[in-house]
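Trainee: Starting off with a structure, shown below.
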Amino acid sequence: MTSDQAGGAAPPDEYVEAEIQRLLTEDPAVAEQGITVIRREDTLVLYGEVESAHRREEILRRVAERFPDVPISSDIGVIRAQAPTEIEQLP
Amino acid sequence: MVIRIAAVGDVHLDEDVVGRFRPALEELPECADVLLLAGDLTRHGTEAEARCVAQEFGGLAVPVVTVLGNHDHQCDQVPQVVKVLEDAGITVLEGDGVVLDCAGGRLGIAGVKGFGGGFAGRCASDFGEPEMKSFVRTTNESAERLGAALRSLDCDMLVALTHYSPVPDTLVGEPLEIYPFLGSYQLGQAIDSAPTALAVHGHAHAGTERGTTPGGVRVRNVAHPVIKQAYSVFHVGDQLDTDQVSPIGGSGSQRSWS
Ligand SMILES: [Fe+2]
Ligand SMILES: [Fe+2]
């Protein structure tokens, strides 16, 4: 696993990106398929929408735990759950 | 004849979300004849999470009809999940359908989870390794069951409910590379094999709301992260019955009911 390399150079960004993407889905504490990981200069930015603030915190916690050396920032929103104010007519 | 359909998918419930949808759901009887859930009701498909779904979506004053999503399969507890939902009065469809008597007529809903495979010209084929053939056969069988269910219903209006998408239109916003994991054209073909009025799906969290099958059936992606509200409401009906359409009338008009 690239993240466990000891003493070597930092793993290539693309592999880190791939691993984070899979962790977001496969880690039972996260289980999100709707989070996008993009590389912006030296930082990986996570964005997307989740169902609760707790889940957003959990994502950042798990990613930081697994990749302590990767600078991560996030722009994850909590999806609104209000009743709609408009309808769509489909004649 | 107008039937009012509320729909949402991908609510991914667990304890941390219970109660968030309920205030909006309590308003349903005023604005909809039925609530459709387009799968991914839970995060991991556990019985405990299904109880959260039952608590949030059970005991509503309108009928609730659902299909399961891929997340609802994660822990291999599908029979337990289905039982918890059915005990809460939620109708779970998988290759079958239900007909509801609504004020505007008999609404027939046929549902399957569906599966991936991709879209015409860019899709997986039933060829090669057993794993590949089994993947594509899963898609084919699911679509065949959806088509058969749609064609079997005796009703005034027909709606198809899936988790995976029947068209690429509603995936716009997702990376092109993952389209084959988000839906399959065979589902669209099944929908077009019957006089379907509307097809509703979820699964594509970064997709877009509106699309159309090659046969002209309107498709709506109602994944919660896409619609960003508790549910969407569609008034589906015959344009001729203008008396029953909302006072504003006309396609694409908007009206607040609160
Ligand atoms: Fe989902
Ligand atoms: Fe899904």
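The values are calculated or read from the model by the stated rules, or taken from the named source; none is laboratory data. In this text, all values refer to a predicted model and were calculated from it rather than measured experimentally. Cβ: placed from backbone, ideal geometry, glycine included. Neighbour counts: every protein chain shown. To get the accessible areas, we keep the full protein, side chains included, count just its heavy atoms, and leave off ligands, DNA and RNA. Shrake-Rupley method; radii C 1.70, N 1.55, O 1.52, S 1.80 Å.
Trainee: Taking the stated definitions as given, is B:Asp33 without any contact (Cβ under 8 Å) to a residue 24 or more places away in the chain and over 19 Å from B:Val112 (Cβ atoms)?
Mentor: no
Trainee: What about B:Thr91, is it open to solvent by less than 10 Å² (accessible area, probe 1.4 Å), away from every other protein chain (no Cβ under 14 Å) and more than 16 Å from ligand 1 (Cβ to nearest atom)?
Mentor: no
Trainee: Answer with yes or no whether B:Leu171 is open to solvent by less than 70 Å² (accessible area, probe 1.4 Å) and in contact with a Pro (Cβ under 9 Å, 6 or more places away or on another chain).
Mentor: In short, no.
Trainee: Right, something else. Could you check B:Asp40 against (1) touching a strand residue (DSSP E or B) at 6+ places or on another chain (Cβ under 8 Å); (2) within 12 Å of chain A (Cβ to nearest Cβ); (3) more than 12 Å from ligand 1 (Cβ to nearest atom) and say which number it fails?
Mentor: Condition (3) is where B:Asp40 drops out.
Trainee: Please go through (1) surrounded by 18 or more Cβ atoms within 10 Å (Cβ to Cβ); (2) away from ligand 1 (no atom under 16 Å from the Cβ) for B:Val67 and return the number of the only condition it doesn't satisfy.
Mentor: (2)
Trainee: Given the criterion more than 16 Å from ligand 2 (Cβ to nearest atom), within 18 Å of B:Asp192 (Cβ to Cβ) and in contact with a strand residue (DSSP E or B) (Cβ under 8 Å, 6 or more places away or on another chain), identify the matching residue among B:Val159, B:Val65.
Mentor: One residue alone meets the criteria, B:Val159.
Trainee: Given the criteria in contact (Cβ under 8 Å) with a residue 60 or more places away in the chain, of a type outside the set (Ser, Thr, Tyr) and not in a strand (DSSP E or B), does B:Phe135 qualify?
Mentor: No.
Trainee: Which one is farthest from ligand 2 (Cβ to nearest atom), of the residues in region B:1-16 that are part of a loop (DSSP other than H, G, I, E, B) and buried (at least 24 other Cβ atoms within 10 Å of the Cβ)?
Mentor: B:Val11
Trainee: What residue, of B:Pro214, B:Pro166, B:Pro180, B:Pro195, is crowded, with 24+ Cβ neighbours inside 10 Å, more than 17 Å from B:Val65 (Cβ to Cβ) and away from chain A (no Cβ under 14 Å)? Reasoning before the result, please.
Mentor: Working: B:Pro214 fails: crowded, with 24+ Cβ neighbours inside 10 Å; B:Pro180 fails: crowded, with 24+ Cβ neighbours inside 10 Å; B:Pro195 fails: crowded, with 24+ Cβ neighbours inside 10 Å.
Checking each option against the conditions leaves just B:Pro166.
Trainee: Something else: Could you pull out every one of the helices (runs of 4 or more DSSP H) wholly within region B:144-234 that has 2 or more residues that are within 16 Å of ligand 1 (Cβ to nearest atom)?
Mentor: Working: elements: B:179-182, B:185-192, B:224-227.
Filter on region B:144-234 gives B:179-182, B:224-227.
Trainee: Would you confirm whether any residue within region B:95-104 is within 15 Å of ligand 1 (Cβ to nearest atom) and open to solvent by less than 30 Å² (accessible area, probe 1.4 Å)?
Mentor: For region B:95-104, residues within 15 Å of ligand 1 (Cβ to nearest atom) and open to solvent by less than 30 Å² (accessible area, probe 1.4 Å): absent.
Trainee: Oh, and also: Determine which member of the set B:Ala54, B:Ala24 is away from ligand 2 (no atom under 16 Å from the Cβ) and either within 14 Å of chain A (Cβ to nearest Cβ) or part of a strand (DSSP E or B) (or both).
Mentor: B:Ala24
Trainee: Which members of region B:180-196 meet the condition of being over 16 Å from the mean Cα position of the chain (by Cα) and under 15 Å from A:Gly34 (Cβ atoms)?
Mentor: If the condition is that a residue be over 16 Å from the mean Cα position of the chain (by Cα) and under 15 Å from A:Gly34 (Cβ atoms), then B:Phe181 is the only one that fits.
Trainee: Let me ask another. Of all residues in region B:59-81, which are assigned to a helix (DSSP H, G or I), more than 14 Å from chain A (Cβ to nearest Cβ) and touching a residue at least 24 places away in the same chain (Cβ under 8 Å)?
Mentor: Across region B:59-81, the qualifying residues are B:Val78, B:Gln80, B:Val81.
Trainee: Would you please name the residue that is farthest from B:Val226 (Cα to Cα), looking only at residues in region A:28-71 that are more than 11 Å from the chain's Cα centre (by Cα) and acidic (Asp, Glu)?
Mentor: Our first condition is that a residue be more than 11 Å from the chain's Cα centre (by Cα); within region A:28-71, this holds for A:28-29, A:39-43, A:51-54, A:65-71.
Cutting the leftovers down to acidic (Asp, Glu) gives us A:41-42, A:51, A:65, A:69.
Details: A:Glu41: 28, A:Asp42: 30, A:Glu51: 12, A:Glu65: 30, A:Asp69: 33 Å.
For region A:28-71, the residue satisfying everything is A:Asp69.
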